[in-house]
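Trainee: My structure is below; once you've seen it, I'll send some questions.
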Amino acid sequence: MSVNKEIKKVTTHTLQKLKNQSEKISMITAYDFSFAKLFDQAGIDVILVGDSASNVMAGHETTLPITLDQMIYHASSVIRGVNRSLVVVDLPFGSYQSNSEIALASAIRIMKETGAHALKLEGGEEVVESVKRIVSAGIPVMGHLGLTPQSIYKFGTYNVRAKEEMEANKLRADAKLLEEVGCFGIVLEKIPAVLAKEVSASLVIPTIGIGAGVNCDGQVLVMHDMLGINTEFKPRFLRTYLNMAEQITTAVKQYITDVKSSDFPNEKEQY
Ligand code: KIV
């Protein structure tokens with residue numbers, strides 16, 4: 001029987017159990033109460049309050065501008081809609097890179113002010129002291145390797161990462177290191193499927209892929225991309241499950257027509 005159907009609340013231990021029993025982990029982003037409630041009720045394992053909020057909620061070109069206060073606002077809204085899913089929150093750019101003390105202070109603010117269950121941060125060896133310090137304070141941490149959008153100006157493009165052996169070797173070593181210092185899982189973003197398969201098999205903890213092939217232990221997508229709200233982003237790895245942009249446009253156009261023609265409200269729709 002699926003582990004997923006039996007569990008009341010998903011914890012980091014549940015994710016480990018899912019990997020151990022070869023059941024895939026489902027993860028999606030959310031940034032507000034209403035969508036988080038729908039995703040939780042649909043049975044998603046993990047909700048990520050991603051710093052992609054900077055793109056899809058605020059309209060910025062990159063994830064860099066979003067602040068800790070803004071992440072806290074999104075995360076506390078999401079938490080109010082969730083009963084069962086594990087809620088993981090991204091530490092935003094600038095809130096953990098300076099040193100481990102600042103990283104811990106940022107982590108504590110998110111945990112205290114939102115009620116979230118875990119945090120995610122980008123990078124390997126560079127952030128290992130921060131990961132150690134946050135984990136030793138009792139806060140579960142998820143890593144994020146491969147294409148790490150907070151480093152976009154270093155990479156220069158959003159192309160596939162770790163295609164070259166040197167970068168692939170660093171990723172292998174970083175993944176091991178993150179596991180050793182206590183991460184409960186690692187997001188692998190936009191790396192070759194063969195490498196993601198190898199890294200997933202070499203780790204005890206689960207990997208969650210985005211553009212990293214089917215052999216990761218779970219998958220994550222940004223809600224605006226998979227629901228077809230954001231129609232401009234069409235990477236090869238994306239599967240679109242709805243065409244919300246079209247459906248919303250059609251609905252709003254009908255509403256405008258109904259208002260203009262005095263069709264809405266009718267007699268039953270008034271007091
Ligand atoms: O911020 C985000 O949405 C993410 C996912 C792409 C994994 O980090």
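The values are calculated or read from the model by the stated rules, or taken from the named source; none is laboratory data. Please read all numbers here as calculations on a predicted model, not as lab measurements. Every residue, glycine among them, receives a Cβ derived from its backbone with ideal geometry; neighbour counts consider all protein chains shown. All accessible areas refer to the heavy atoms of the entire protein, side chains included, with ligands and DNA or RNA removed. Shrake-Rupley method; radii C 1.70, N 1.55, O 1.52, S 1.80 Å.
Trainee: Somewhere in the range 147-157, is a residue more than 26 Å from G213 (Cβ to Cβ) and at pLDDT 95 or above?
Mentor: The answer is yes, given that some residue of the range 147-157 is more than 26 Å from G213 (Cβ to Cβ) and at pLDDT 95 or above.
Trainee: On to the next question. Tell me the residue from A53, A58 that is within 14 Å of the ligand (Cβ to nearest atom), among the small types (G, A, S), open to solvent by 40 Å² or more (accessible area, probe 1.4 Å) and touching a helix residue (DSSP H, G or I) at 6+ places or on another chain (Cβ under 9 Å), please.
Mentor: Within the list A53, A58, the selection yields A58.
Trainee: Can you tell me which residues in the range 71-94 are more than 14 Å from the chain's Cα centre (by Cα), more than 20 Å from V56 (Cα to Cα) and of a type outside the set (D, E, K, R)?
Mentor: Scanning the range 71-94 gives V82, N83.
Trainee: Restricting attention to the range 162-181, which residues are open to solvent by 40 Å² or more (accessible area, probe 1.4 Å) and assigned to a loop (DSSP other than H, G, I, E, B)?
Mentor: Those that are open to solvent by 40 Å² or more (accessible area, probe 1.4 Å) and assigned to a loop (DSSP other than H, G, I, E, B): K163, E164.
Trainee: Among the residues of the range 207-235, which ones are over 19 Å from F35 (Cβ atoms), polar (S, T, N, Q) and not in a loop (DSSP other than H, G, I, E, B)?
Mentor: Within the range 207-235, just T207 meets the criteria.
Trainee: Just to be sure I understand the filter: pairs with C-beta atoms under 6 Å, separated by 6 or more residues or on different chains, first member in the range 45-64 and not assigned by TED's automatic domain parsing to the domain that holds S76, second member open to solvent by 20 Å² or more (accessible area, probe 1.4 Å) and part of a helix (DSSP H, G or I). Which pairs pass?
Mentor: Filtered contacts from the range 45-64: no entries.
Trainee: Right, here's the next one. What is the number of the single condition among (1) within 16 Å of the ligand (Cβ to nearest atom); (2) open to solvent by 70 Å² or more (accessible area, probe 1.4 Å) that A212 does not meet?
Mentor: The one condition A212 does not meet is (2).
Trainee: Still on this structure, please answer the following. Kindly indicate whether any position in the range 159-169 is over 18 Å from V141 (Cα atoms), within 14 Å of the ligand (Cβ to nearest atom) and free of Cβ contacts under 8 Å to residues at least 40 places away in the same chain.
Mentor: Yes, the range 159-169 contains at least one residue that is over 18 Å from V141 (Cα atoms), within 14 Å of the ligand (Cβ to nearest atom) and free of Cβ contacts under 8 Å to residues at least 40 places away in the same chain.
Trainee: Moving to a separate point now. For the range 95-109, enumerate the residues that are more than 24 Å from E61 (Cα to Cα) and out of contact with any Ser or Thr (no Cβ under 8 Å at 6 or more places or on another chain).
Mentor: E101, A105, A107, I108, R109
Trainee: Here's another thing I want to ask about it. Taking into account only those residues within the range 236-262 that are among the aliphatic types (A, V, I, L, M) and part of a loop (DSSP other than H, G, I, E, B), which is nearest to the chain's Cα centre (by Cα)? Give the steps one after another, and end with the answer.
Mentor: So the first thing to find is which residues in the range 236-262 are among the aliphatic types (A, V, I, L, M), and the list is 238, 242, 244-245, 248, 251-252, 256, 259.
Subset that is part of a loop (DSSP other than H, G, I, E, B): 238, 242.
Working: L238: 14, L242: 19 Å.
Among them, the one singled out is L238.
Trainee: Name the pairs whose Cβ atoms lie under 7 Å apart, with the first residue in the range 15-29 and at negative phi and open to solvent by less than 40 Å² (accessible area, probe 1.4 Å), the second of a type in the set (S, T, Y) and within 16 Å of the ligand (Cβ to nearest atom), and 6 or more positions between them or separate chains?
Mentor: Listed pairs, sorted by first residue: T29/S52.
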